[in-house]
1. Where does the Debye-calculated log10 I(q)/I(0) of the chain sit at q = 0.12, 0.13, 0.14 Å⁻¹, using only Cα point scatterers of equal weight, no solvent?
2. Can you find, among M1, P302, F320, the residue farthest towards the positive end of the dipole of the chain? Put +1 on the C-beta of Lys and Arg, -1 on that of Asp and Glu.
3. Pick out, in residue order, every one of the chymotrypsin sites (Phe, Trp or Tyr not before Pro) in the stretch 231-273 that is DSSP loop and has at most 16 other C-beta atoms within 10 Å; say none if there are none.
4. To the nearest 20 debye, what is the magnitude of the charge dipole of the stretch 227-352 about its Cα centre, counting +1 on the Cβ of each Lys and Arg and -1 on the Cβ of each Asp and Glu?
5. Between N152, V115, V188, whose Cα lies farthest towards the positive end of the dipole of the stretch 51-188 when Lys and Arg beta carbons carry +1 and Asp and Glu beta carbons carry -1, centred on the Cα centre?
6. Once Lys and Arg get +1 and Asp and Glu get -1 on their Cβ, which of I333, P311, M75 lies farthest toward the positive end of the dipole of the chain?
7. Using a 1.4 Å probe, what is the accessible area per residue for the chain, in Å²?
8. Ranked from the most accessible area to the least, with a 1.4 Å probe and all protein chains present, what is the order of T306, T348, T147?
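The values are calculated or read from the model by the stated rules, or taken from the named source; none is laboratory data. Not measured: the values here are computed from a predicted model. Every residue, glycine as well, gets a Cβ built from its backbone with ideal geometry; the counts of neighbours run over all protein chains shown. Areas reflect the complete protein model, heavy atoms only, side chains present, ligands, DNA and RNA absent. Shrake-Rupley method; radii C 1.70, N 1.55, O 1.52, S 1.80 Å.
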Amino acid sequence: MREACLACIGFVLEFLIFYAAGSLLAKILKIKADISFVFILGYLGYFAVFELLIVPMTLLWVPLTTAAYVWAVFMAVLVVAAAVWGIISLRKRNRKSAGIWKQHSWMIFLAGAAVLLQCLIVIFYNDTTVDAAYYVGTVSTSVYTDTLARYNPFNGAALKTFQARYIFSAYPMNNAVWCRLLGIHPIVQAKIVMSCMNVLTANLIIYQIGKRLLENDAKKADLMVVFTCMLQLFCGTLYSSGTFFFTRCYEGKAILANIAIPTVLMCAIWYLQEKDNRNVWIILFITAISALTFSGSAIIFPVVITAGMAPAAVMNKKPFGLLYCVICMIPSILYAGVFFACRLGWLTLAAS
């Protein structure tokens, strides 16, 4: 019962943090966005900043407790800033918008049921692959040794060198930070709380893609969420995004496949519709950083950006769009340089 209560508390708190981050980012960029898009912005922005803060801390041997408290202060400041800015904005103008029921009608219940079904599948499915052992094990070793990825999750031995494949992907350390702050068990945080959060985020991205493809019709976008859920359920091959979505949603590659890469598609559609909106590229760059947070497999992100954004730039007749594509590839290119330097023995990431 205690872990169930902590899981609910953790989910609500993390949801609020993501939404606060998104609302602040939307106001800074002056983006008019609905709740779902604000949450997506917050999710991506949160992990991009987390990556930039936690990776240096890891390499400098900062204890988990210190990192957790620093991050807690940052989140508190974030929430206060978002709340104050939101109150000021409401006082300055009285915005009128269509109600949620008017936009969605009963379709919102159908979409909600599809998301709930996916969450239940993710919660009750038990995966025991090697990657599962890593993504939960590294959280556990970090929590119980008060370190940031300093111990091998498979045998508990202290690492002599950090593995470039994993050390730049700070996503497991986010779970460790929340475990330290809330006292929640690593398995519960990794396989239930964040898995459900990932399911929610992935479906909101699908919803946003649907809205942009279907003339901003919320009801049709809800229906797209339902149909995509059915499609994912029947994608039974070993390496399909649907299989990763339902069985390994707490792993970095699954998040990359179902959140980061679909966000590139969302940005490509957005760019085709609003070719002069530079916010598209800012969001894409943030996505490229957050992709590294999720998995070292983000090394392929330049290919993803080329496939999604380069054709849109050509169709929009925007040569500078190709330059922006290259800029958004920089995070993955830098990671690729470090990764191959380590594999070739030109660079060593000492851990002891």
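1. With one equal scatterer per Cα and no solvent, log10 I(q)/I(0) is -0.90, -1.07, -1.25.
2. F320
3. F234, Y239
4. Its charge dipole is roughly 140 debye.
5. V115
6. So the residue furthest toward the plus end is P311.
7. Working: 16870 Å² over 352 residues.
Averaged over the residues of the chain, the accessible area is 48 Å².
8. Of T306, T348, T147, the descending order of accessible area is T348, T306, T147.
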